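**Q** This is the structure I have questions about; it appears just below.
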Amino acid sequence: MISTRQTVSSYVVMLDGGSLETMELTAMQAKGFECLTCRAQHTAASGAFQPVGRIPSVGSVFQCLTCAGGAR
């Protein structure tokens, strides 16, 4: 679990606006368990996250509502 929070890899993210961006993300961010920006943890009960894109063959990526209007 600790290695998935620390190891950073490059992922091609298809953002909801249709653009493709290469981002340096942890596995937790890439799998949708953490905010793309602040790394707050996303849980089923949190409800304070919104999907902002997808990584093909990995899943959806999210931002918390606090960061949703900020830079990615």
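**Q** If we restrict to alpha carbons, what Rg and Dmax does the stretch 14-63 come to, in Å?
**A** Over the stretch 14-63's Cα set, Rg and Dmax evaluate to 10.2, 30 Å.
**Q** Ranked highest first by the average count of other Cβ atoms within 10 Å around their residues, in what order do 6-12, 16-22, 32-38 fall? Show your work: numbers first, answer last.
**A** Details: 6-12: 11.6, 16-22: 9.6, 32-38: 19.3.
Ranked by mean Cβ neighbours within 10 Å, highest first: 32-38, 6-12, 16-22.
Readers should treat all values here as calculations from the given coordinates under stated rules, not as data from a laboratory. As the structure is a prediction and not an experimental result, all values here were calculated from the model. Heads up, the Cβs are rebuilt from the backbone with ideal geometry, glycines too, and the neighbour counts pull from every protein chain shown.
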